[in-house]
Structures are given as C-alpha cells and as structure tokens.
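Each value in this text was obtained by applying a stated rule to the coordinates, not by laboratory testing. Being a predicted model, the structure only gives us computed values, none of them experimental. In this analysis, Cβ positions are derived from the backbone assuming ideal geometry, glycine residues included, and neighbour counts consider all displayed protein chains.
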Amino acid sequence: MRYPHLFAPLDLGHVTLPNRVLMGSMHTGLEDRARDFDKLAAYFAERARGGVGLMVTGGIAPNIEGWLKPLGGRLSMPWHVARHRKVTKAVHAEGGRICMQILHGGRYAYHPLSVAPSRIKSPITPFTPRALSNRGVERTIKDFVNCARLAQEAGYDGIEVMGSEGYLINEFVTARTNTRSDAWGGSAEKRMRFPIEIVRRTRAAVGRDFIIIYRLSMLDLVDNAQSWDEIVQLGKGVEQAGASIINTGIGWHEARVPTIVTSVPRAAFVSITAKFKAEVGLPLVTTNRINMPETAEQVLASGAADMVSMARPLLADPEWVNKARAERSDRINTCIACNQACLDHVFENRMATCLVNPRACNETELRIKPAAQRKHYAVVGAGPAGLAAATTLAERGHAVTLFDVANEIGGQFNMAKRIPGKEEFHETLRYFGHRIADTGVELRLGVMASAEQLQRDGFDAVVVATGVSPRRVNFPGSNDPRVLSYLDVLRDNKPVGARVAIIGAGGIGFDVAEFLVEHAPSPTTDVVRWSAEWGVDLGHSERGGLKPAKPQPPLRQVHLLQRSAGKPGARLNKTTGWVHRATLKAKKVEMIGGVSYRHFDDAGLHVQINDQPRVLEVDNLVICAGQEPNRALADQLTALGVPVHVIGGADVAAELDAKRAIDQGTRLAARL
Ligand code: FAD
Ligand code: NAP
Ligand code: SF4
C-alpha cells in the first residue's frame, strides 16, 4: 500500500476513524442561513462519500456576541437543532462522521455587539469590543456548553472548540489582548482558565462518547503572544479537562506572515506540531498547506502528528481520500491554495466555491448528468476555459475534439506556473492532462484551428475558448526592441536587464515583478529559506514565534507602475493581495501610482508622476497592461453559420481569471 500511515485507522475509544484525514473547518457561507442547510448537507455528504475520516463544520457561534457577522451561523436555541440534523443525517447516511466547530468571534466579530477579554480593538475590524464582565465570562462559558449539548442533540459526533487564529479564546490566553486583573487574567494560569473551563464543563455535559477537538494556537505569529511553555501548559490543561484530540492552529488573522496562501511551502508548519507531540498523549492533528497524499503520508510517517487536517483540498476534490486509497493520487484535482473562490468569497460575503471545482457548494445545482443525445463538439483553446468545457462535455458522453495551437495544454496557466510561489498551478495542468485521457477527449496540439476547417469537419457546434492577447501600449519608443510583453518574458524567455520598469500593476504586473526579483529556486520550495524571509521562528524560541525577517536581496531593480492614482495592488484579491504587496516591498520594488508615460529612449522611461517629470533609468520595459479578447475565430464561425459558444477570455477579457474561465466552461458543458 502506498500510504500506509494515511490509511491506518485511529481508535478514539468509543469510535474508530478509518483514516487519518480530518476535513478541517472552513466557513462556506452556507452555515449562515437556515434555508441553505440542504445545500450544506449535500456538500458534506459528498465529502463523506469521498471517504474522509472525520469532518468539521465551519464555525458556528454559541451566542449572538460571538457571531462572525450579523446573523451568522449560531446554535444556541432548541429550534436551531433541526437544520443541523439535516447535515448529520446526510453525513451518517454516507457512513461519515462530523463534528461541529464552536467559534466565538471575540474582537474579530464584524458587528457592534462584539466582546473580548479587554476593550482592545483589532487592527482588522472597525468595531471596538466590549470587555466581558466576570458574569459575562461565566455566561459565555455556559453558552459554549449549551452549544455543545445542542450539537450533540443534532446528531454531531463531536465538537471542535476553536481556540486559535486570534478569536475569543485565543484572545483570553494572550497578554496582547487580555489585560484583565480578575480571575480570568493577570497571569498565564488565569488567562488559560477560560478555555480549560470550557472544555471541562463541556465534557461533563456531553459525557464520554462524544469527540471534543480543541484547536490550539501553537504559533500565534503576533507580538506579545504566548510563549512555548504557556502553549504546552494550555495543551496539557485541555487534555486533562477532557479533550479527545488537539488540532493545530497557526497564526492570528492579523499576523503579518502568510500561513495558507500558495506561496507558503507545503507542510511548512508541521515542525510546530511535531515539537508539541512530545508534550501530550492525545492524538494530534497537523495542518496548513498539506494538499497531496504524498505530503500527508510523509508527515504522518515522520511521527509529527496522528492526523492531517485539510479543508480547501477537499473543497477542490471531494474524492481526494478515495483516489488516494485507490493509489490514483495523480487523478486528484489539487487545491492550488489560491483562495480566489473560497476565502476571498467568504471575506466578500459571498458563498464559497472553488476555482478548480466550481461544483463545490453548488452540489445541488451544478450536476454533471449524462447527455440526452451524443453530439460532436470542437473546443478551440486548451486554456482553463477550454479544458473545463472539453472534459465536462466528454464526461457527459459527447464526442469532443480539443484544439490548441500550442504544443502543450494550459494556455496562460503555463505562464502562471512559472511565477515563484505559484508552483501549485502545475498540478491543475497535470489533473487536466489525465482528465483528457480518462474522458476520451481527442487532443490535437500544435493545430491552429480555422473557421473553414472547423466548418468542413462538420462539428455540431464549436466552443471557442481562444483566450486573450496582451494589450499593446502606444507612446514614443514603445516599439523599441527593449520593450517586452509578459509573453516575451514568461513564455519566450527573452533576456531581461538588471533594471526594469513594468507598465501595468494588475495581477500579471505583480506576478512579473515577483518573477524578475526572485532568485531561483523559489522560496516556496524551501521551508528554511521561506521562514527566514518572512521572519518565522519555527523553533518557537520567542513569544509568538516571530524573529526579524531577512529577505534575500532582489535579483533586479524593478519599478511597478500604473496610471491610476493610489497604491498599486489595491485591487488584488482580498486575502492574498497583501502577501504580494509585502513580497515586493521586501524586494524593494518601487510601486508607483499616478504615472503618465511620456517616452522611452536610451536614458530610460520618461514619466510624469503627480505632475513631476522623472526618468526611470531602466534597461527594459515589460508591458502588463491588460488584455483584449481573441474573438476573430468566433466571428468567422458565426459568419459561416456554424453554431458557436464563446467562453473564458475570448468572451470577456476584462477582469478575467481562471475562476471565471473554469466556471463558465463547466457550466456551459453541463448544459449542452
Ligand atoms: P487562455 O488561457 O488564454 O487559453 C487560450 C488558449 O487558446 C491558448 O492555449 C491558445 O494557444 C489557444 N488558441 C487561441 N486561438 C487558437 C486557435 N485559433 N486554434 C487553436 N488554439 C488557439 N488567473 C487566476 O485566476 N489566478 C491566478 O493566480 C492567475 N495568475 C496568472 C499569472 C500569469 C502570469 C498569467 C499570464 C495569467 C494568470 N491568470 C491567473 C489568468 C488565467 O491564466 C487566465 O484567466 C486564464 O488562463 C484564461 O483562460 P482561457 O481559457 O480563457 O484562455
Ligand atoms: P489587469 O488586472 O486588468 O491590469 C492591467 C494593468 O494595466 C492595470 O494596472 C492598468 O492600470 C494597466 N493598464 C490598462 N490599460 C493600459 C494602457 N492602455 N496603458 C498602460 N497601462 C494600462 O490585467 P492583468 O494584470 O493583465 O491580469 C489579467 C487577469 O488575470 C486579471 O483580471 C486577474 O484577475 C488575473 N490574474 C490574477 C492573478 C491572481 O493572483 N489572482 C494573478 C495574475 C492574473 P492603469 O489603467 O491604472 O494604468
Ligand atoms: Fe483551493 Fe483555490 Fe479552490 Fe480555494 S479556490 S479550495 S484555494 S483551489
């Protein structure tokens, strides 16, 4: 067997888990409204069918103050139980097990009723919390216990007490946010009474045969946080109080260190769980950036932990566990840790889904059913849109011929995967490569499809997924051979000098900047280098696990420019944009808004910045000024009377990303 540790059962006393995969808690937005619980049940049922050992729901508040946002998910009244029963019934019908996470938002709660141990505002929310009184603390503990009892009544196999990521419990145990001098603060022992009491009283209320997972913050990644000894003391306290499993929490939400984005190395924080392993006897779960069975097996085989937690990887592929068990991990639709459709959506108050799997959280609505009548489709363009459309059409039983003028599939993803920190994008192309073979798509690479040929071939319809072309710029000197497009740099490997100006500071401008300043190999492939660059003390010798960051000097001197006023990067994705901005800042990239381009000559790029002329002495310009749709083929086919469907960048180039391309391709193919 290829993954013996991953598929070793885990005996918890009253229940034995079939494998070591915990589906970690992740908010989807479906928890917040009673009417979405049928969808939530379908979402979890699909993952239970996929073989996950144990699942944890998104965070559910034990009371109104603990809501993450107004009217967020809450379980505090007997009439809330019925909706949760839908979830537990659906999961149990598939032979799965599920715990409900109890999450009190504390000062991260996004509403004016928020509470905290002390009246200290968080840097990431606009509301100053009210400090809980002594009675308030007691009432909150009772609310946790009540919530756990109701979860038991709803049929959950257990609960997870959310004690990390900077939420209420984490705020109690940390001097940074707890300045109380009563029985709940003042010393480390008093600060940790709050979670220990929650676990102790919950265990007394729910009896022995109910799982209590405690999510313990093992690396706060903020200043004035817990010391290692305090974390160990808390872990031991929680164990004695009756927890069944300890899960690892990494980093507060306000931390300046990225913890889950794609540029974080795989399994980067496992050494922290491993350090803790010697301290307690309970099963330990490790987490963050574990997305493939090889990594999970390696972690478990090393003895660092007893289980691995994955949330997003199971959003991306509900069949992850079954595929690993069948030793077909090359068929896994890997989570690329982009956050674009999951966490970004949640932070924008939208329902979560997945960039590589648009069915996630849409299980009841986006069904891939066999086609009523088999047709023959041509799909032109094997970028994300065309790949999703072609393989979904073929999966439904249609005959599909997929054309690309390039000699490899992937379209622009072939450039994305070359960006340091975006190595995971390779996985999507590996996945689609197998999907093409498995679904029987006829792949014709190196072929420029023409309207006349497609018409002659007599396809029932053509799906045009021809993508985009880079927008050109027009100012004196812009035709100089030293002016390159991002295709020249990322696709064609044209040489680039030591001093560069990038015109356009969208997603691609930022990516090109990272490509030009970063030394190979990428820090994402090396945990030691990555942690040094970000100032993460994986030995946890200081409080919070931080040390001074030591970024490597940049490979080139880069200026990143945009015409709009304001800071470049303000429109990058919500949960990842700050990482890109911080990376470029550390590499001394000059990011300038409000730029007018005048001309380019031997002296460099002549610009005007806020009415001030300036010459940027650079060897090359790289143009990343957005894109235009490649619609010519669609127009020619329409003129010839061939039925056409246009998707991806060929349809609309503005604000195009792979999320839209894959979603549109999948939805079209599910309909045809
Ligand atoms: P494309 O990927 O452009 O594919 C079109 C395909 O059609 C090409 O392979 C082309 O060769 C082929 N083609 C065109 N005409 C013909 C013809 N007549 N005959 C045969 N073949 C033809 N998106 C994200 O969501 N997240 C990211 O992090 C991200 N990072 C990126 C980083 C970089 C550096 C780049 C360049 C892009 C990035 N993107 C990212 C954007 C993402 O790659 C695009 O949105 C996506 O590829 C668009 O998909 P598409 O299928 O519409 O078009
Ligand atoms: P973009 O985000 O639209 O950015 C284009 C940039 O070029 C802007 O900074 C724009 O700013 C500038 N620009 C536009 N027209 C110009 C002109 N005529 N002359 C000079 N500058 C001009 O497009 P992109 O960077 O090409 O990215 C394409 C898509 O890929 C994006 O929609 C993005 O979602 C996706 N992508 C996503 C990621 C990610 O991490 N999620 C990464 C890469 C790409 P000014 O108009 O202010 O100058
Ligand atoms: Fe993973 Fe991106 Fe899908 Fe989120 S959207 S689950 S990060 S692939």
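Structural remarks
- Residues of type aspartates and glutamates that LYS275 reaches as a straight line, Cα spacing below 12 Å, ignoring anything fewer than 8 places off in the same chain: ASP229
- Residues whose amide H falls under 5 Å from that of GLU160, counting only those 5 or more places apart or on a different chain, are MET100, GLN101, ILE102, ILE213, with hydrogens built in the peptide plane.
- Selection of trypsin sites (Lys or Arg not before Pro), segment 1-109, meeting DSSP coil and at most 16 other Cβ within 10 Å: ARG2, ARG33
- 3J(HN,Hα) from dihedral phi, segment 529-546, Karplus parametrisation 6.51/-1.76/1.60, rounded to Hz, x for glycine, proline: 5, 4, 5, 5, 5, 9, x, 9, 9, 5, x, 6, 8, 10, 4, x, x, 10
- Derived scalar couplings ³J(HN,Hα) [segment 648-658; Karplus, 6.51 cos²θ - 1.76 cosθ + 1.60; whole Hz; x for Gly, Pro]: x, x, 5, 7, 9, 8, 5, 6, 6, 9, 5
- For segment 462-479, 3J(HN,Hα) computed residue by residue from phi via the Karplus equation (6.51, -1.76, 1.60; θ = phi - 60°) reads 10, 9, 9, 10, 7, x, 9, 10, x, 6, 8, 10, 9, 8, x, x, 6, 9 Hz, glycine and proline entered as x.
- Among the listed pairs LYS236/LYS547; LYS190/LYS547; LYS369/LYS417; LYS39/LYS369, a Cα-Cα separation exceeding 21 Å is found for LYS236/LYS547; LYS190/LYS547; LYS369/LYS417.
- Of the GluC sites (Glu not before Pro) in segment 404-485, those whose Cβ has at most 15 other Cβ within 10 Å and which sit in DSSP loop: GLU408
- In a reduced charge model with +1 at each Lys and Arg Cβ and -1 at each Asp and Glu Cβ, segment 220-335 shows a dipole moment near 320 debye about its Cα centre.
- Counting only Cβ charges, +1 for Lys and Arg and -1 for Asp and Glu, the dipole size of the chain around its Cα centre is about 1380 debye.
- A cut-off of 5 Å between modelled amide H atoms, ignoring neighbours fewer than 5 places along the same chain, links VAL622 with LEU484, ALA501, ILE502, ILE503.
- Length available on full extension from LYS550 to LYS142: 0.36 nm per residue minus the Cα-Cα distance, which gives 142.3 nm.
- FRET efficiency for HIS14 and MET448, using Cβ-Cβ distance with R0 set to 60 Å, rounded to 0.05: 0.40
- Calculated on the alpha-carbon coordinates, the convex hull of the chain measures out at 157 cubic angstrom per residue.
- Per residue, the average separation of C-alpha pairs within less than 8 Å and at least 6 apart gives segment 10-347 a relative contact order of 15 percent.
- Cross-link partners of LYS567 among aspartates and glutamates, defined as those whose alpha carbon lies under 15 angstrom from its own and excluding same-chain residues fewer than eight positions apart: GLU590.
- 5 angstrom amide H check on ALA311, placed H, neighbours 5+ away: GLY24
- Sites listed here are trypsin sites (Lys or Arg not before Pro) in segment 350-442 whose DSSP assignment is loop and whose Cβ has at most 13 other Cβ atoms within 10 Å: ARG350, ARG367, ARG374.
- Label reach from MET77 (point 7 Å along Cα→C-beta): in segment 105-138, amide nitrogens under 20 Å belong to 105, 111-114.
- For segment 10-347, the gyration tensor built on C-alpha atoms gives a rounded shape. Its axis ratio a/c (a ≥ b ≥ c) stays under 1.5.
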